[in-house]
Amino acid sequence: LPPRHMDSVVQIVEALESTGFNGTVPELARALGACPAPGCRAVLGDPPDVPPRPPALSQEQWLLFTQLFRHDAAAPELGAVLAPDGSTVALGPLLAGIEVGLKRAAGSSTPTFEPPIDALYAVTVAEALGTSFLLARDGDGERATLGPGGCWDDVDHPQNYTLLGPPSPIPDAVANGAMDGMLLGAQLARASTPLADLLRGYYGTGNGTEKGRPPSSYRRRDFGVLTGSGKLEEEVAAMLEVLRVLPPTQELLEDVGPEEVAAIAHQAARDFTEVYVECPAIVPRCMWGARPYRGTPNQLTLPLGSVYIHHTFTPSAPCRTFAACARDMRDMQRFHQDTRGWDDIGYSFVVGSDGYLYQGRGWHWVGAHTKGYNSKGYGVGYVGDFSDTLPDPDTIALVRDEFLSCAVRTGRLQPNYTLRGHRQMVHTDCPGDSLFREIETWHGFE
């Protein structure tokens with residue numbers, strides 16, 4: 001089959017649109033099994049019948065498309081594809097949001113409910129989020145409500161995606177698809193665009209992934225701006241009240257009073273915002289192609305009290321795409337293991353200029369970044385030589401405004417942490433004169 005990559009999806013959409021396919025791609029997706037949840041069906045209507053294979057698609061393309069929308073409640077991540085920015089996106093909520101946007105652009109209305117709901121929130125994130133936290137409310141605390149992420153068997157020809165932990169109704173792929181569905185649905189509602197062009201522009205498909213950051217790498221920031229303060233909580237609460245009267249979900253809510261609905265919506269919106277808006281996305285080791293750790297890693301004792309800022313110096317150029325950053329990570333790990341003789345890449349985390357952090361030794365393993373202090377703090381390295389220039393403003397903010405506060409909120413870093421440049425602990429020019437002058441202005445610098 002074609003690879004489970006966004007490029008393959010765009011090629012399918014383009015083939016359908018260029019041959020006058022009867023209907024819309026989101027409607028076809030629903031016919032094949034997307035958007036099966038009761039609330040989504042109430043908003044968008046019953047799905048159309050499954051059509052025969054459109055002549056514009058090869059047998060292999062049609063088989064891939066039908067597989068991507070075959071619903072499995074136990075494995076919502078199966079309908080996901082790999083995007084050029086290295087993120088994984090579930091197509092169901094993405095195309096549901098796009099369908100709402102197309103209806104708004106065409107002047108079509110969706111059914112009205114009491115209390116009123118925003119259809120764009122309902123079909124992308126509100127129903128899934130409310131249901132996830134509703135199902136977990138009577139549990140023993142072990143039931144996952146968000147996440148996890150996962151990894152592909154082959155990032156060049158992805159076919160199989162495996163989660164890295166216990167599944168929830170909203171693994172990272174579904175969260176990404178929901179945020180993208182919201183953003184692209186809102187964009188379409190303002191100005192209709194051919195769907196293939198919309199997807200190609202947003203995900204940067206077909207450009208060899210070497211032309212810099214696509215808009216999809218800004219999804220967390222843009223989703224946070226779009227939803228604003230309190231809106232997500234309001235929509236989750238409203239959606240739960242709608243589910244209370246829909247026959248398939250009445251039983252779920254029959255013993256749940258208004259105060260408990262409000263509490264569930266508050267926690268759901270708060271947790272989703274913390275995980276997917278306020279904390280940065282971190283590319284796991286298996287996605288950038290890490291070799292195994294040599295030996296047995298030593299565990300850190302959390303929370304740590306310090307953060308040490310580095311620049312890599314070599315590679316000297318910032319990496320601006322997933323492909324380039326993943327390649328740099330492999331090169332650095334190879335140098336650290338084969339030339340330096342270390343057990344693994346030395347940094348705890350590495351900062352790309354593609355909008356992502358890359359997991360080195362991560363939150364829990366002692367690194368090899370700041371001699372004499374590796375067990376006392378995280379080593380965070382910016383890819384590039386920042387002796388004379390600075391990282392991009394949003395790459396600076398990725399650590400200063402997102403990573404550090406996220407580490408404190410999640411209990412991995414002490415609230416009164418100290419932040420230092422590598423040169424303050426060891427005889428070195430790292431992290432470069434320009435970057436060092438920048439971090440002198442950051443909270444926690446000593």
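The values are calculated or read from the model by the stated rules, or taken from the named source; none is laboratory data. Every value quoted in this text rests on a predicted model; they were computed, and no experiment measured them. Note that we place each Cβ from the backbone using ideal geometry, even for glycine, and neighbour counts take in every protein chain shown. Areas reflect the complete protein model, heavy atoms only, side chains present, ligands, DNA and RNA absent. Shrake-Rupley method; radii C 1.70, N 1.55, O 1.52, S 1.80 Å.
Side notes on the structure shown:
- The range 251-353, relative contact order [Cα under 8 Å, separation at least 6], %: 27
- Axis angle, to the nearest 10 degrees, between helix 127-136 and the longest C-alpha principal axis of the chain: 70 degrees.
- Helical contribution to [θ] at 222 nm, DSSP H n ≥ 4, -39,500 (n - 2.57), averaged over the chain, rounded to 500: -11000 deg cm²/dmol
- On the basis of the beta-carbon distance and an R0 of 41 Å, ASP46 and CYS286 show a calculated FRET efficiency of 0.55.
- Principal axis extents of the C-alpha atoms in the range 393-440 (largest first, rounded to whole Å): 32, 25, 12.
- Checking every one of the trypsin sites (Lys or Arg not before Pro) in the range 300-391 against DSSP loop status and a limit of 14 other Cβ atoms within 10 Å picks out ARG340, LYS371.
- Estimated FRET transfer efficiency (SER229, ARG294; beta-carbon r; R0 56 Å; 0.05): 0.75
- Measuring from each cysteine beta-carbon in the chain, the ones with no other cysteine beta-carbon under 4.7 angstrom are CYS430.
- With R₀ set to 41 Å, the beta-carbon distance separating ASP331 from THR19 gives a calculated FRET efficiency near 0.40.
- Between the helical axis of 322-334 and the longest alpha-carbon principal axis of the chain there is an angle of about 30 degrees.
- Solvent-accessible surface ranking, highest first, for THR296, THR410, THR312 at 1.4 angstrom: THR296, THR410, THR312
- Relative contact order of the chain, pairs being alpha-carbon contacts under 8 Å that are 6 or more residues apart, as %: 14
- Rel. contact order, % - alpha carbon contacts under 8 angstrom, at least six apart, the range 391-446: 32
- Inverting the pair-averaged 1/r between distinct Cα atoms of the chain gives 23.0 Å as its Kirkwood hydrodynamic radius.
- Whole-Å semi-axes of the range 286-440's equivalent ellipsoid (Cα gyration tensor): 20, 20, 15
- HIS364 accessible area, assembled protein chains, probe 1.4 Å, Å²: 90
- Relative to the longest principal axis of the Cα atoms of the chain, helix 91-105 runs at roughly 60 degrees.
- The antiparallel fraction among DSSP beta bridges confined to the chain stands at about 35%.
- Applying 0.36 nm per residue to the separation of GLN424 and ALA317 and subtracting their alpha-carbon distance, the gain on full extension is 36.1 nm.
- Centroid-to-centroid separation of the range 154-220 and the range 26-60 [C-alpha atoms, Å]: 19
- Cα Rg over Rh - the range 219-307, Kirkwood: 1.18
- Stokes-Einstein D (µm²/s) once Rh is taken as the Kirkwood radius of the range 107-161 over alpha-carbon pairs, at 10 °C in 1.306 mPa s: 108
- Between ASP255 and TRP442, the contour length at 0.36 nm per residue exceeds the alpha carbon distance by 62.4 nm.
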